[in-house]
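To start, the structure itself, in structure tokens.
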Amino acid sequence: MAGVEEVRAGISLANQKMQEGIAALQQTHLVLEEAQAALVTATQGSTQEEMQHAHGMLAEVMQTISGVQGTLNATITSTEGYAGRL
């Protein structure tokens, strides 16, 4: 079994990687906001069901990304708490 310092170091590395993942998700969210704006502009006034569906799916993806970011933040908080109690 790993010693306390090894466990803490592993948790620290995992948290760093999760933070990098959160940053990448934030960048992805920004890019998708730009895509959403372009799609809104390009399809403004369209009543086609497939375009309404596309807008909805894009909004759902962005919402999912936000949820994943929240889950990762909660995971980091949990692992930091665990490491602090070691």
Enter the angle in degrees (range 0 to 90, nearest 10) between the Cα long axis of helix 4-43 and the first principal axis of the Cα atoms of the chain, meaning the one along which they spread out most.
10 degrees
If one computes the Cα centroid of region 42-68 and of region 10-34, what distance in Å separates the two points?
23 Å
Find which of A35, M62, A9 sits farthest along the positive direction of the dipole of the chain, computed with +1 on the beta-carbon of Lys and Arg, -1 on that of Asp and Glu, about the Cα centre.
A9
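Quick check: residue separation of S12 and H29 times 0.36 nm, minus the Cα distance between them. What number comes out in nm? Spell out each step's value before the answer.
On the way: separation 17, 0.36 × 17 = 6.12 nm, distance 2.54 nm.
Result: 3.6 nm gained on full extension.
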Hey, what number do you get for the chain at 222 nm if only DSSP H runs of n ≥ 4 count, each worth -39500 (n - 2.57), divided across all residues, to the nearest 500?
-33000 deg cm²/dmol
As I understand it, the value is the acute angle between the Cα axis of helix 49-85 and the longest principal axis of the Cα atoms of the chain; what does it come to in degrees, rounded to 10?
10 degrees
Give me P(r) over region 4-85, computed from all C-alpha to C-alpha distances, binned every 5 Å, as integer percentages.
3, 14, 19, 15, 12, 10, 9, 7, 5, 4, 2, 1, 0
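Values in this text are rule-based calculations from the coordinates and carry no lab data. Please read these numbers as outputs of a predicted model, since none were measured by experiment. Using ideal geometry, Cβ is built from the backbone for each residue, glycine included, and neighbour counts are taken over all protein chains shown.
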